[in-house]
Amino acid sequence: MTRFVNPLGRQRPNGFSARVSDIKTWTKEALSLDEEAVVSVNEVACSQPDCPPKQVVVLILCASAPARKFAVHKPLMETGQEDVVDAISALENCSASRFEN
Ligand SMILES: [Zn+2]
């Protein structure tokens with residue numbers, strides 16, 4: 001079997017960009033974000049000892065609310081909708097803005 005290795009290579013497995021857009025969709029649904037909200041999904045290294053080496057960090061930017069972010073401590077390709085929903089329950093606001101019922 002021959003393998004073509006792109007020297008400019010992004011080492012992205014098949015389905016990576018589809019999963020990124022799924023994670024964006026799940027995030028928008030879970031937070032009821034409007035269309036103009038920007039959701040940025042990145043797979044980054046995680047240095048916590050009990051974690052897999054990769055984690056997914058999601059940043060949410062929209063005009064009407066403070067920036068928010070959450071992380072799923074799994075590789076992107078293993079991150080599913082439940083992981084996103086769980087992580088959103090521990091969402092952090094990047095700047096203080098609290099509304100308590
Ligand atoms: Zn981690």
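The values are calculated or read from the model by the stated rules, or taken from the named source; none is laboratory data. Predicted, not measured: the structure shown is a model, and the values here were computed from it. A quick note on method: Cβ atoms are made from the backbone with ideal geometry, for glycine too, and the neighbour counts reach across all protein chains shown.
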Matching residues, the range 64-101, being modelled with pLDDT under 75 and not in a loop (DSSP other than H, G, I, E, B): E92, N93
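Residues checked against (1) of a type outside the set (D, E, K, R); (2) more than 16 Å from the ligand (Cβ to nearest atom); (3) in a strand (DSSP E or B):
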{"position": "R19", "(1), (2), (3)": "no, yes, no"}
{"position": "T25", "(1), (2), (3)": "yes, yes, no"}
{"position": "E29", "(1), (2), (3)": "no, yes, no"}
{"position": "E35", "(1), (2), (3)": "no, yes, no"}
{"position": "S40", "(1), (2), (3)": "yes, yes, yes"}
{"position": "E43", "(1), (2), (3)": "no, no, yes"}
{"position": "Q48", "(1), (2), (3)": "yes, no, no"}
{"position": "P52", "(1), (2), (3)": "yes, no, no"}
{"position": "Q55", "(1), (2), (3)": "yes, no, yes"}
